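Heads up, the thing below is written out as structure tokens.
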Amino acid sequence: MKMSAGIASGPPLAGRGAVSRLACALVQPLLSRVVRRIAARHPSLFARLGPHQATDFLIDPVELPFALHLRPDPQALVFRAVPRDAAPRAGAVIRGRFMLLLELVDSEEDGDAAFFSRDLEVSGDTEAVVRLRNALDDVDGSIAEETARMFGAPGRAILARLRRSYVAT
Amino acid sequence: MAVSDMTTKLTLGPIAYHWPAEERRDFYARIADEAPVDEVYLGEVICSKRAPFHEPDLPAMIERLERAGKTVILSSLAEVMLKRERKATEDLAAMDHPEIEINNAAGLYARGKRPHRIGPFMNAYNEATIAWLAGQGATHVSLPTELPAEAIAVAAQAARGLGLGVEVQVFGRASLAVSARCYHARAHGRTKDNCQFVCEDDPDGMPLRTRDDAPILRVNGIQTQSESYVDLLPETGRLVADGVTHLRLMPQAVDMVAVAEIFRGTLDRALETSEAEARLRAVCTGTRFSNGFYHGQAGYRRIAGATSV
Amino acid sequence: MSLAELICPAGTPAALRTAVDAGADAVYCGFQDATNARNFPGLNFTPDELTETAAYAHARGTKVLLALNTYPPAGKVDLWRQAADLGVRIGVDAFIVADMGVADYIARIHPGTRLHLSVQAAASSPEAIRYYCESFGVKRVVLPRILTIPEIRQIRTEIPCEIETFIFGNHGLMVEGRCSLTNYLTGQSTNMDGVCSPASDVEYTRDADGSMSSQLAGFTIDRFGPEEKAGYPTICKGRYTAPHRREGYYAFEEPVSLNLSRLLPDLIDAGVHAFKIEGRQRSKSYVRGVVTAFRRAVDDIRAGRQADIADLVALTEGQKQTQGAFETKKWR
């Protein structure tokens, strides 16, 4: 399928340098709010993570100018945008197109199916990824919708536009 | 321990491969004359299509082995699905002599409460299952090859308490899986029904290697085996101390008389373990040994420093 | 005509509710330990979660089946007994068992509890099935995925219990309950620990040319070209070389999923009582998609309509599907 080629040939140099740093600074306050809210509303998520609450995940939406660093430790939650050239050493890396990652978070897409089709790429500690996937999968409802709602009408509009633009591609 | 090693029986498991009839006759003749094994399991366990090739020889083999003082047991098929497999299992279960070893629940059904042995494919993993089976007429149980030492000890004590013999495989490739599909035929672009008995070409199994050339598995018809030979020679002391009464050697394409002599010598303390191990290595050149299952680790591993009690 | 119950996987409480809402007649699930054959990280139910979601299912007329379908190693039988006691207290509708000791315990201590024989017991003949029915009062057998439809039809006439067959999902190659491949490489047992190719031992590496290697415990199970569909690094779906197959081939089976959607009418006609969808380890999205499609198909067939089977290929492993043994014995 063409999308797997999309990963391999994605813009390898995006997410470096000054533009990336600026983008990170802009989205960071938003990310912190989002993750704290989700953690507060879905505490059972952490039990499924088990020992991997302390694992550093690097979530890499290939077409965005930055990657995301997640450490799902309920005592010291980390979720931040990082330039690719300054990404921390991660226990596990999950790479794919942003909309796919969003759909996986919401269980609109099946992670295994995305993996079989090579649209999703996983490296590092596979158990950590499986636990994260299962933890997110047990969340009822849509995390994306929940996030969008946090930002009111503009947030919902952005999400809707994002979805439309990806459907169109 | 009060258990004398002289009472521990050495057994020869059923041949897993499709050895030609002539070779089988020679093999068992030599076992009868020379191998210090107490009990010999005969019969086709893996593939019902092979049985007609060597079944005609069974009566003579049984007679020969018994004349040499060996106890003979007939083993049943591990997989029973087709009409001929159901029939073969039913026929075996109807026998009064020799003893039979059952490897499939269809055999248990046919046998009812008449005495029988439980084969390694029967999944007797624990004391509860062993107690159930004993209540149905089992006299002897072969434990699954992947069972670790701690579980073997508990299972053996339970079985002994019920008056059952307890057997563990101590030599030869481990059976790792069976399937309805024949992988020998598949490797040659054939189906099971049209296999032309290509498995006969591999008397010690067909080797599979990973794509970076690491040896990993052996294919034997519908069966998948370990690449390594299980070798629990250094562990025989502990097995016996834990209550295991029978140690099984699986026939491989090596000098099985020598293998039996080495194990018998170790049990009788006529051989030092290190000396015995060195000899066994010499008999099985080119094949790795493993004891990982016994030590609760990856089966292919060889755990060093394990000593006899 | 049989009822053609739809038996659906539930790896988490959310997946269970999804399956119920999508029209499952029954869901099957397990506790977070070795007592079931999908003992995967982050999956399955705590006792509280099962209590809560069983109530959700029951309130909507959906049955809950508890998988206790592994083989306890000697010395650890109590874990399975406690799980059975707990299941009875929670009020599950049936236990799916494989081990004779576990079956005997439930039959003796909780008489009247419904027992289903797991595919892990590998009962593939009328005699083997009758053994479990007569010994433990088993009411339903889950047949191994190795029989053709005529063979299933024949078995049906010779056994006193219901038949459940897999219709979709992972295409198990080895006789279930008789496979130690994972234990041979990883030290974790499918039968005793409920583990198959554990994620903790899996590693994917991307090579410079864009191809990908999947490894299990350091053994390369397969290597996929940049454009090639991938699969789980399960040993029975890897590519290997043999003396006369130097190029590397799928020695056992290709990464492929079972999909019997086109055979549903034949299976119903052969007397199959229940259709099982594999995939407790899969996502809610998978559960929603597959259960919805098969619910519609079964309802169509029962109403005498032509079943319109949605294309489920995208959810299959390697994105390839097969009718396996059910269609032809040449598969063997």
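A short reminder: the numbers here are calculations on the coordinates, not readings from a lab. Keep in mind that what you see is a predicted model, and the values were worked out from it rather than measured. Here Cβ is always computed from backbone atoms with ideal geometry, including for glycine, and neighbour counts include all displayed protein chains.
Report the label-to-label distance for B:Asp57 and C:Thr51 in nanometres (one decimal), using points 7 Å from each Cα along the Cα→Cβ vector.
Those two pseudo-labels are separated by 6.4 nm.
Within 10 Å of each Cβ in A:136-144, how many Cβ atoms from other chains are there, averaged over the peptide?
4
Efficiency by 1/(1 + (r/R0)^6): what FRET value for C:Ile109 and C:Thr205, r their Cβ-Cβ distance, R0 = 56 Å, to the nearest 0.05?
Calculated transfer efficiency: 0.70.
Using only the Cα atoms of the stretch C:181-250, what semi-axes does the equivalent ellipsoid have when each is the square root of 5 times a gyration tensor eigenvalue? Give whole Å, largest first.
Working from the Cα gyration tensor, I get semi-axes of 23, 15, 9 Å.
Partner chain Cβ atoms within 10 Å, averaged over the residues of B:178-190 - can you pull that number for me?
The per-residue average across the peptide is 5.
Based on DSSP, what percent of beta bridges with both residues in the protein assembly as shown are antiparallel, to the nearest 5?
40 percent
R0 = 35 Å: FRET efficiency of C:Glu254 with C:Leu79, Cβ-based, nearest 0.05?
0.45
Starting from 0.36 nm per residue, how many nanometres of slack lie between B:Arg190 and B:Met95 once their C-alpha separation is accounted for?
30.7 nm
Full extension from C:Lys139 to C:Gln306: what is 0.36 nm times the residue separation minus their Cα-Cα distance, to one decimal in nm?
57.0 nm
Answer rounded, prolate or oblate for the stretch C:2-89, using the Cα gyration tensor with square roots of eigenvalues a ≥ b ≥ c: rounded when a/c is under 1.5, else prolate when a/b is larger than b/c, else oblate.
prolate
Could you give the nm distance between label points at B:Val283 and C:Glu227, where each point is 7 Å from its Cα heading toward the beta carbon?
For B:Val283 paired with C:Glu227, the spin-label model returns 5.5 nm.
For a quick check: with amide H placed at 1.01 Å from N, whose amide H comes under 5 Å from C:Phe45's, ignoring anything fewer than 5 positions away on the same chain?
C:Gly30, C:Phe31, C:Gln32
Counting only DSSP beta bridges with both residues in the stretch B:5-290, what percent are antiparallel, rounded to the nearest 5?
Restricted to the stretch B:5-290, the bridges split so that about 35 percent are antiparallel.
Kindly provide the helix-only [θ] at 222 nm of chain A, computed as the sum of -39,500 (n - 2.57) over DSSP H runs of four or more divided by all residues, to the nearest 500 deg cm²/dmol?
-16000 deg cm²/dmol
Run lengths n ≥ 4 of DSSP H only: what is the helix-derived mean residue ellipticity at 222 nm for chain C, with -39500 (n - 2.57) per run over all residues, to the nearest 500?
It comes out at -9000 deg cm²/dmol, rounded to the nearest 500.
Which of the DSSP-defined H helices in chain A satisfy a minimum axial length of 27 Å, computed from C-alpha atoms, and a minimum mean Kyte-Doolittle hydropathy of -1.0?
A:17-41
Using the Karplus curve 6.51 cos²θ - 1.76 cosθ + 1.60 with θ = phi - 60°, what ³J(HN,Hα) values do you get for each residue of the stretch B:271-287, in whole Hz, with x for Gly and Pro?
Along the stretch B:271-287, the couplings run 10, 5, 4, 5, 5, 4, 4, 4, 5, 4, 4, 5, 6, 10, 4, x, 10 Hz.
Need one word for chain B: rounded, prolate or oblate. Basis is the Cα gyration tensor (sqrt eigenvalues a ≥ b ≥ c); a/c below 1.5 gives rounded, then a/b vs b/c decides.
Rounded is the answer for chain B, as its axis ratio a/c remains below 1.5.
Which one, B:Gly299, B:Val198, A:Pro65, is farthest towards the positive end of the dipole of the protein assembly as shown when Lys and Arg carry +1 and Asp and Glu -1 on their Cβ?
A:Pro65
Residues with amide H under 5 Å of B:Ala174's amide H, sequence separation 5 or more or different chain, H placed in the peptide plane at 1.01 Å from N; which?
Those qualifying (amide H under 5 Å, at least 5 residues apart or on another chain) are B:Ser226, B:Val230.
Quick one: longest stretch of chain C between exposed loop GluC sites (Glu not before Pro), exposed meaning at most 16 other C-beta atoms within 10 Å and loop per DSSP?
It works out to C:1-226.
Pop out the ³J(HN,Hα) list for the stretch C:247-258 in order, Karplus 6.51 cos²θ - 1.76 cosθ + 1.60 with θ = phi - 60°, rounded to Hz; leave Gly and Pro as x.
7, x, 9, 6, 5, 10, 6, 6, x, 8, 10, 7
Which value in nm describes the separation of the simple spin-label points at A:Ala47 and B:Glu272, placed 7 Å from the Cα toward the beta carbon?
Here the answer is 5.8 nm between the modelled labels.
Rounded to whole Å, give me the distance from the Cα center of the stretch C:272-307 to that of the stretch C:135-182.
So the two Cα centres are separated by 18 Å.
What do you get for Rg/Rh over the protein assembly as shown if you use C-alpha atoms and the Kirkwood form of Rh?
Across the protein assembly as shown, the Cα-based Rg/Rh ratio is 0.99.
Shape verdict for chain A, please, from the Cα gyration tensor: rounded (a/c under 1.5), prolate (a/b greater than b/c) or oblate.
The shape class here is rounded.
Which residues' amide hydrogens lie under 5 Å from the amide hydrogen of A:Asp73, considering only partners 5 or more residues apart or on another chain, with H built in the peptide plane?
A:Val78
Hey, got the average number of other protein chain Cβ atoms within 10 angstrom for residues in C:221-228?
Mean partner shielding for this stretch: 3.
Return the sequence-ordered ³J(HN,Hα) values of the stretch C:176-182 in whole Hz as given by the Karplus equation 6.51 cos²θ - 1.76 cosθ + 1.60 applied to θ = phi - 60°, using x for Gly and Pro.
Each residue's phi maps through the Karplus curve to give 5, x, 10, 10, 10, 4, 4 Hz.
Only Cα pairs under 8 Å and at least 6 apart count here; give the relative contact order of chain B as a rounded whole percent.
Taking the mean separation of contacting Cα pairs over the length of chain B, I get 20 percent.
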